[in-house]
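Below is one structure; the comments refer to it alone.
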Amino acid sequence: MPKELTDTICEEIVFKGIYNKYSKDLHDFLYYKYGERFNPKDKAQDAFIKLWNNCKKVKLSKAKSYLFTVANNMMLNEVKHQQIVLKHQQINTKNHTNETPEFILEKEQFFERYKKILEGLSKEQRVAFLMNKAEGKKHSEIAELLGVTQKVVEYRIYSAFKILKKELEGFKIK
Amino acid sequence: MNKDILIKKWLNDELNDTEKVAFEKLDDAQINLAILENAKYFKASNFLEVDDFNTFKQHYYSQKQPAKKLFELSTFLKIAGVLVIAFGVYFAFFFNNETQIKTLAGEKTTVELPDKSQVFLNALSSIEYNESKWKDKRLLKLYGEAYFKVAKGKKFDVVTSSGIVTVVGTKFNVKQRLNYFEVKCFEGIVRVSSNTIERLLHAGDTYQILNNTFIESKTTAVLPKWTTNLSDFEAIPFKEVLAELERQYNIQIKSEDVNTNRLFTGGFVHNNLENALIAITQPMNITYELSSSNQVVIRGKNK
């Protein structure tokens, strides 16, 4: 097995490739896991900066896990035990809608509740569920990003879904 | 089928047609679908975009700290003076070994690497590699297009701004132009990794990312046509054909009333501009006009 060379990622062209490949996923992962209050965008960027500063010490094949670990640790330092806050898109209510005001209100309440439940899920459940159902990533892709097996990802999504269902069952959504 | 299992399969996107029907007939079908549909509202990119690489790079350089002062400047400078000269000479002799080979428009060339691997460079392309380190590190940067015949040995990397191609003893073509990244494997096995897609190519496989769309297909050729002074294209946007023509003949093409996104199948020779122009304009129902200073204007015939 040829010795894997560790200074490949110092080449800008390679680093750029890594950046383009993982910057969005890393940011999304931090956002889904920790919410928006702790600046996932900055943390993701800081992780890349740290990777570039340490490019001589990190092998190309380990770059992804380095990024995710570093970013996660940076987050943990800041978050500690604070509350997670997610955002959700404001539902556009057109002027000529044929939905009744009560219906619109219920929709808002549905979303508020949905958001609260997501925030209450375990981090693992939330990340897996949103990366799959909001981002559209395949189970295999999520497994690769998180460094777990596909079955684990499927299980987390299923657990998240069961909780959401239990809490949202009361709503009558069209 | 058990409801729980049905839901699990649905979450995994594994329902077959009959199961889909059964799922939709469940009494809580509505809430199931509502949960799924509305998850999309929480998508991260609805709220924040990551910076592109250039923005990141600017930020990186602006936040880098200036070098800290480690010791008394004047004494340091005296010593540094002698050392710098010594190192300067040493570096110039031994460390300037980044070899760069470039081709101009209309030019092709062959390069033999220190391990006897061969690189055939197409027009307007360049490669960079470190000759003295080649024994331990077979890494080469490519801008443009080249056909590689890699000698057996350690891992060989071709790095482009769109992706990395990794091989061990094989024959393959890499083309990296604007919005066009393509790798064709002619012999051996080649691993291509680009932004989100990684593939292992065997002889006859091709990997293409055109305008961010990924296409994998096959080729029956045994080597790229351009190495025999012909360009051929199969269902390629016409603008790419024009771009290659410009590179081979060192001309500039202006188009009027031509849909350059139309797909073109065909080819042109590299040694006769008139024939080349006929070959690409006739099938597309276009006329061409050659002006003196290496300019060509092509026009759609719908007038």
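The values are calculated or read from the model by the stated rules, or taken from the named source; none is laboratory data. No experiment lies behind these values; they were computed from the predicted model shown. FYI the Cβ positions are ideal-geometry reconstructions off the backbone, even for glycines, and counts take in every protein chain you see.
Tabulated results
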| read-out | value |
| --- | --- |
| Count of the stretch B:9-31 residues which are crowded, with 18+ Cβ neighbours inside 10 Å and at the interface with another protein chain (Cβ under 7 Å from one of its Cβ atoms) | 2 |
| Checking A:GLU154 against (1) within 30 Å of A:LYS107 (Cα to Cα); (2) more than 8 Å from every other protein chain (Cβ to nearest Cβ), the condition it does not meet | (2) |
| Qualifying positions in the stretch A:128-144 - within 11 Å of chain B (Cβ to nearest Cβ), at negative phi and either crowded, with 20+ Cβ neighbours inside 10 Å or not in a helix (DSSP H, G or I) (or both) | A:ALA128, A:PHE129, A:LEU130, A:MET131, A:ASN132, A:LYS133, A:ALA134, A:GLU135, A:LYS137, A:LYS138, A:HIS139 |
| Matching option when the condition is part of a helix (DSSP H, G or I), farther than 22 Å from B:SER161 by Cβ, within 11 Å of chain B (Cβ to nearest Cβ) and out of contact with any strand residue (DSSP E or B) (no Cβ under 9 Å at 6 or more places or on another chain), among A:ASP25, A:ASP46 | A:ASP46 |
| Long-range neighbours under 7 Å by Cβ, at least six apart or interchain, first residue outside any helix (DSSP H, G or I) within the stretch B:1-27, second among the acidic types (Asp, Glu) and modelled with pLDDT under 90 | B:MET1/B:GLU19 |
| When residues of the stretch A:1-22 are limited to those that are assigned to a loop (DSSP other than H, G, I, E, B) and not basic (Lys, Arg), the one modelled with the lowest pLDDT | A:MET1 |
| Of all residues making up the stretch A:145-163, the number that are in a helix (DSSP H, G or I) and closer than 16 Å to B:ASN12 by Cβ | 13 |
| Hits in the stretch B:123-174 (condition: in a strand (DSSP E or B) and among the polar types (S, T, N, Q)) | B:SER126, B:ASN130, B:THR166, B:ASN173 |
